[in-house]
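The values are calculated or read from the model by the stated rules, or taken from the named source; none is laboratory data. Because the structure is a prediction, the values reported are computed rather than measured. Quick reminder, even Gly has a Cβ in these numbers, built from the backbone with ideal geometry, and neighbours come from all protein chains shown. The protein model used for the area step is the full one, side chains on, heavy atoms only, and it has no ligands, DNA or RNA in it. Shrake-Rupley method; radii C 1.70, N 1.55, O 1.52, S 1.80 Å.
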Amino acid sequence: GGQCCVVWCGVFVWCVCVCVWGAVLCGFMASNGNNAAKAKYEQKVPVFYYRPTHTDCQLLREQWIRARYERKEFVCVERQEPYSAGYREGFLWKRGRDNGQFLSRKCILSERDGALKYYNKHDAREPKALMKIHTLNASFQPGKIGQPHGLQVTYLKDNSTRNIFVYHKDGKEMVDWFNAIRAARFHYLQVAFPGAHHADLVPKLTRNYIKEGYMEKTGPKHTEGFKKRWFSMDDRRLMYFKDPLDAYARGEVFIGSKENSYIVLPGLPPSTQGYHWQFGITIVTPDRKFLFTCETEEEQQDWMAAFQGLVNRPMLPQEYAVEAHFKHKP
């Protein structure tokens, strides 16, 4: 029908535009060289601005190219205002904690207040949540959230991790929010660690999970049946959820270093019962053993490598405080 033709033609024209734009870009790169392009289009990239790699989601990669060549954000500093001003206000679609519905919520990021806030009603005086910049993290999770621009924001509430899932239909808008959070974190860390080199601060601005996925787990007595849970490894915090989009973890496990008697072993103790998946992992901590099972041998190897990487890494002074908190949890 006519409507289908219009839609198809629209898609076709968009594809042609993207291809032509890509061809022009490739032509420029070929004739001018990569270094010349960088010198011209990356003159003033803010130190906090996220430079995506080939492993990042399509949104980050596409917006990085558009920011450089189409919008020339790193040539004209005034075009960086949306993420460098220290204050950002707007509306994002936020997933409801209990019903899973996405609703428009007013959000304010303020370096002066040291927080990201969101409001349940547009005219509300008090925010529904106040997320302190010093515990804030953000990572793009389009697959998990089911939105191509989906961003997972986490912060600590009473020293437990709280997850919030948001998106915006406009890709630039969402990447601007992401970089505004990174800018706020950068300026906070500059104050917290005066004299620190930029190269030391940039990796601390935002972080992706080391690994996520399903495993089965059992309780502390090892007599309960194994239950399937979604696990997220955020540095030394291993959190597990009933559902990947839960607001709060059902529990958290601290993964320390071998110097502190943390050990990762393949398999389960011989007397273990009640598991369905065959590929086990035992994590020995100073207080107890944690038992997990994976569906495939490949998953088991991947989780083992992730755990071993943490166990092999000596603990930092601030990580001892986190470990102490975990030990005193009820």
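Just to be sure I understand the filter: pairs with C-beta atoms under 9 Å, separated by 6 or more residues or on different chains, first member in segment 241-269 and within 21 Å of CYS294 (Cα to Cα) and of a type in the set (Lys, Arg), second member open to solvent by less than 10 Å² (accessible area, probe 1.4 Å) and assigned to a loop (DSSP other than H, G, I, E, B). Which pairs pass?
Going by the 9 Å Cβ cut-off, there are no qualifying pairs.
Which of the following residues is at pLDDT 95 or above, basic (Lys, Arg) and touching a strand residue (DSSP E or B) at 6+ places or on another chain (Cβ under 9 Å): LYS121, LYS106, LYS72?
LYS106
Just give me the residues in segment 80-91 being surrounded by fewer than 15 Cβ atoms within 10 Å (Cβ to Cβ) and charged (D, E, K, R), in sequence order.
Passing the criteria: GLU81, GLU89.
Could you check PRO148 against (1) out of contact with any Cys (no Cβ under 9 Å at 6 or more places or on another chain); (2) over 30 Å from THR272 (Cβ atoms); (3) surrounded by fewer than 19 Cβ atoms within 10 Å (Cβ to Cβ) and say which number it fails?
(1)
Looking only at segment 249-260, count how many residues are within 15 Å of MET233 (Cα to Cα) and outside any loop (DSSP other than H, G, I, E, B).
4
Select the strands (runs of 3 or more DSSP E) contained entirely in segment 261-330, then report the ones holding at least 3 residues which are open to solvent by 50 Å² or more (accessible area, probe 1.4 Å).
Counting at least 3 such residues, we get 263-266.
Let's see how each residue does on (1) part of a strand (DSSP E or B); (2) at pLDDT below 95:
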| position | (1), (2) |
| --- | --- |
| GLN152 | yes, no |
| LEU156 | yes, yes |
| GLU173 | no, no |
| ALA180 | no, no |
| LEU189 | no, no |
| MET215 | yes, no |
| THR223 | no, yes |
| TRP230 | yes, no |
| TYR240 | yes, no |
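Enumerate the pairs (first residue in segment 100-121 and in contact (Cβ under 8 Å) with a residue 24 or more places away in the chain; second residue anywhere and assigned to a loop (DSSP other than H, G, I, E, B) and surrounded by fewer than 18 Cβ atoms within 10 Å (Cβ to Cβ)) with beta-carbon separation below 6 Å, excluding pairs fewer than 6 apart on the same chain, so at least 6 apart or on different chains.
Note: pairs meeting the criteria are GLU111/GLY86; TYR118/LYS128.
Spot the failing condition for TYR188; the list is (1) under 18 Å from the mean Cα position of the chain (by Cα); (2) within 30 Å of VAL322 (Cβ to Cβ), and only one is missed.
Of everything listed in (1) under 18 Å from the mean Cα position of the chain (by Cα); (2) within 30 Å of VAL322 (Cβ to Cβ), TYR188 misses just condition (1).
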